[in-house]
Amino acid sequence: MTLHFTNARLIDPATLADAPGSLTVADGVITARDAAAPEGAQVIDCGGACLAPGIVDWGVKIGEPGERHRESFRSAGLAAAAGGVTTIIARPDTAPAIDTPESLEFVTRRAAEASPVRIRHMAALTKGRAGREMTEIGFLLDAGAIAFTDVEAVSTDTKALSRAFTYARSCGALVVGHPQEPGLSKGAAVTSGKFASLRGLPGVHPMAERMGLDRDIALVEMTGVRYHADQITSARSLPALERAKKNGFDVTAGVSIHHLTLNEIDVGDYRTFFKLTPPLRSEEDRLAMVAAVADGVIDVICSMHTPADEESKRLPYEEAASGAVGLQTLLPAAMRLYHAGHLSLPELWRAMALNPARRLGLPQGRLSLGAPADLVLFDPDAPFVMDRFSLLSKSKNTPFDGQRMEGKVLATFVGGARVFGA
C-alpha cells in the first residue's frame, strides 16, 4: 500500500528542520517528500499535526522471561505504539539474564510474535550479570545482540571488565555501561544532601556517578572499545564526558526523561513512584542535563522503562523497588522541555530517534528517502491529565500520575503499517 501524508508539520532530526510538508510511503519505506500524491495512494490528512520519525527507546526492561506479570512483549509493544515508540531496545536484566545465544534467540522469537513494534535486544556483558566471566560476545553478536550491558549490576572486578571490554573491541561490539561506584551507591535510595537528611533516607553522593564514569572511560582508553553510558544524571560527570569526546574516544551517553523533567524534591513525602536508579538529582543537576542534551554532550534521551508491580512499590521508600514505566509517557514528558523553551522538537527527536539509531547502526530515526517508514503523528499541544490506569503497560508505576501534561500521539506506523490510532 502507498500512503501519502499531507498537511503535516515535518520534524526532521537530521536537518533540525521543522516545517510544513508532505511525505510519501510505499513498500514500507519513505519514497518522496513534498511531492504530489501518487495515483491510487491512500491520502492521510495530518491536519497540521507533527509527523516525525518513530522514537527509538534505548534501555527498556521487559519481563520475559521471569517477570511476565510485570511486563510482556505484547503489553510493552502496545504501550510503545501508543507512545510513538517504534523501536524498543530491550535490556537483558531478565530472570534468567539474556547471556547465551539460546536465550537471545528465544526472546527474539517471542518479541517478533507478540509485539506490534520492532524490538532489538541487548545481551549481558558477563554471565549472569555477575561481573566475573564474560559472555560469548561473538556468538551473541551472530545471534542478533545489538549491544552488551550488565545494566545496574556494576562489576567490582575491574580486571574481568577490562577483558570483556578488550574482547568486545575485537568483535566491534558496543558496550553499555552504568556509571556508578558500586560501593558508594549500595543501599542508597535518594541523592545525598539536605533533603535526604530531612527525610532520614540513605543517600548516595553524585560523585559516585563521576567515579564510575572515570573508571569506564579509563577502560575505554585502555581497550579502545565502543562505549555508551546509559544514564548521566549529575553535572559533576559532564566534564569527564566532554574530555573523553574531545580526546577522540568512541563514547556516547544517555539520560532518562525522568532525570530531565523531575528533581529530588518530587520525592516529597516518600512517594515511591519517584524512586529511580540513579536517584533523582537536584534542580541544578536537572538543568545541567537539559543543557548537555541541547549542546550534544549527552546524545540520547530514553525512558529507562522499568515496570514494577504494586506490591513492590507499596512499601516503605527504602525498601520499595526502583524504576518507573515510561514507554507511553516519554513523548508527553519530552513536550515539557519543548514548551519550556529548552529544546526544539527536532532537537528532541535527534536525541530520541536519530542518535540512538545511528549509535546502534539502525536505519530508523530519519525522514530521509529510503528510510523505514517508522513514523509518529502527534499533537504537541494537546492537553490531558495523566491517569496511570489508562497506560497499556501491565505495570502502572509512573511518577506522572495525576499530572497535567501536553502532547498526544495520534497515530503510529511501523514499516508503513498503522499500529496505533484510528
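Observations on the model:
- By the helix-only formula, in which each DSSP H run with n ≥ 4 contributes -39500 (n - 2.57) and the sum is divided by residues, the chain has a 222 nm mean residue ellipticity of -8000 deg cm²/dmol.
- In this structure, Glu242 and Ala32 have a Cβ-Cβ separation that, at R0 = 56 Å, corresponds to a calculated FRET efficiency of about 0.90.
- Phi-derived couplings, Karplus 6.51 cos²θ - 1.76 cosθ + 1.60 at θ = phi - 60°, listed residue by residue for region 401-416: 4, x, 8, 6, 9, 10, x, 10, 7, 8, 7, 10, 10, 10, x, x Hz, with x used for Gly and Pro.
- Measuring nothing but protein heavy atoms, the accessible surface of region 152-224 at 1.4 Å probe radius is 53 percent carbon and sulfur.
- Taking label points 7 Å from Cα along the Cα-to-Cβ direction, Thr15 and Ala130 give a separation of 5.4 nm.
- Between amide H atoms placed 1.01 Å from N, distances below 5 Å from Ala17 occur with Asp12, all of them 5 or more places distant or on a separate chain.
- Between the Cα long axis of helix 101-114 and the first principal axis of the chain there is an angle of about 40°, rounded to the nearest 10.
- Taking packing as the residue-averaged number of other Cβ atoms within 10 angstrom, the listed peptides 408-417, 267-276 run from highest to lowest as 408-417, 267-276.
- Interchain or long-range residues, amide H under 5 Å from Ile44's placed H: His4, Phe5, Thr6
- Extension gain, Ser162 back to Arg314 (0.36 nm per residue minus Cα-Cα distance, nm): 50.8 nm
- Within the accessible area of region 228-310, the carbon and sulfur atoms contribute 50%, probe 1.4 Å, all protein chains present.
- In this structure the chain gives 37 Å² per residue of accessible area when probed at 1.4 Å with all protein chains present.
- Dimensionless Rg over Rh [the chain; C-alpha; Kirkwood]: 0.95
- Listed peptides 392-400, 317-325 appear in the order 392-400, 317-325 once ranked by packing, highest mean of other Cβ atoms within 10 Å at the front.
- Beyond 19 Å in Cα-Cα separation lie the following of the pairs Lys159/Lys186; Lys127/Lys159; Lys275/Lys313; Lys127/Lys313: Lys159/Lys186; Lys127/Lys313.
- Computed from backbone phi with θ = phi - 60° and the Karplus coefficients 6.51, -1.76 and 1.60, the 3J(HN,Hα) list for region 248-254 is x, 6, 7, 10, 10, 8, x Hz; x is used for glycine and proline.
- Using the Cβ-Cβ distance between Met222 and Asp295 with R0 set to 45 Å, the FRET efficiency works out to roughly 0.95.
- Beta bridges per DSSP with both ends in the chain, % antiparallel, nearest 5: 50
- Label-point gap, in nm, between Leu198 and Glu105 - each point 7 angstrom along Cα→Cβ: 5.7
- Taking amide H as placed 1.01 Å from N in the peptide plane, Thr149 has its amide H under 5 Å from the amide H of Ala123, Ala124, Leu125, Val176, each at least 5 places away in sequence or on another chain.
- Crossing angle, helix 330-339 versus the chain [Cα axis fit, 0-90 degrees, rounded to tens]: 80
- 0 to 90° range, to nearest 10: angle between helix 283-295 axis and the chain longest Cα axis: 50
The values are calculated or read from the model by the stated rules, or taken from the named source; none is laboratory data. Here the structure is a predicted model, which is why all the values come from computation and not from measurement. Counting neighbours? That spans all protein chains shown, and the Cβs are built from the backbone with ideal geometry, glycine included. For the accessible areas, the whole protein counts, side chains as well, though only heavy atoms, and no ligand, DNA or RNA atoms are used. Shrake-Rupley method; radii C 1.70, N 1.55, O 1.52, S 1.80 Å.
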